[in-house]
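The values are calculated or read from the model by the stated rules, or taken from the named source; none is laboratory data. These numbers come from a predicted model, not from an experiment. Side chains included, ligands, DNA and RNA excluded: accessible areas come from the protein's heavy atoms. Shrake-Rupley method; radii C 1.70, N 1.55, O 1.52, S 1.80 Å.
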Amino acid sequence: MAENEQEQGVGDTRTSAAGRLAAKRAAKAAAKAAARGASALPDVVAENVDAVQTLYDRNARMLWVAIGTVSIGAIAWFSISSYVNKQSRESAQLLSAAVDTAVARITTGDDAADDEDTSESYPTANARAEKARGGFRSVVARFSDTAAANWALLGEANALRTLGKFSDAERQYQVLAAKPNLEPFVQIRALEGLGFTLEAQSKFAAAEGRFADAGKLDNGSYKTVGDYHRARMLAAQNEPKKAADVLESLIKAERATQTRLTEQVRA
């Protein structure tokens, strides 16, 4: 979770994957419409697809930066608390080790043959996720009543999703998102992860609902990302007009924001 090049790579990978999936869904919907002799996706989707992807890319990158910033702050807080509380120090150390594993390198090609690089690395994403899962589980088992446990539950759920254990991941995300007094950042990540997990199981309507919930958190701070994923889920449910409406509103809101910011600078 520390802000570094590895994490940025994860963010970029997810962003690219989301874009490819959105395009795939849209193409399928267009093909179905053409087969019925109907018009394809509304023009607004075709006209603004590049703008929407750019908008999402920008906000996704901002979200990953926020992850790093908040995570660093949380771990720093745990470390500072360690001077007063031994439990906080131990939970911080254990959580930090699990986080390091979760963002460790995946070795491929020349990387695998580099004997001089002694940093933590794994041959596959699944191998890394399995090890990280164990680390996060240790935090939860030993420090269940601490703030560190919430971060560990999120990390474990992410690992379960990577491993394709969707039912287990779904249950864990749900338990975490429903916790009272949960930090908004952890809650948004739990709802987002739940949405991705439901999507992986083709539960598109349920996934749309979770992305919508995520977009409402923290006074709408994550609405852009939430709406983008909502539109993808609507397209997956063969609702291209509704998807187009969401995307159009998203674009209008972004343009209004840019206009407002420009006016403020000129003033």
Per residue, how much accessible area does the stretch 132-211 show when a 1.4 Å probe rolls over the protein heavy atoms, in square angstrom? 38
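Kindly flag which residue pairs out of K131/K165; K165/K203; K203/K252 have an alpha-carbon separation exceeding 20 Å in this structure.
Where the Cα-Cα span goes over 20 Å, the pairs concerned are K203/K252.
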For V265, V103, V139, write out the residues from largest to smallest accessible area, computed with a 1.4 angstrom probe and no ligands counted. V265, V103, V139
Relative contact order of the stretch 113-267 (C-alpha contacts under 8 Å, at least 6 apart) in percent is 12
Taking a 1.4 Å probe, which of R260, R266 shows the most accessible area, and what order do the others take after it? R266, R260
Gyration tensor (alpha-carbon) shape descriptor, the stretch 140-236, a/c threshold 1.5: oblate
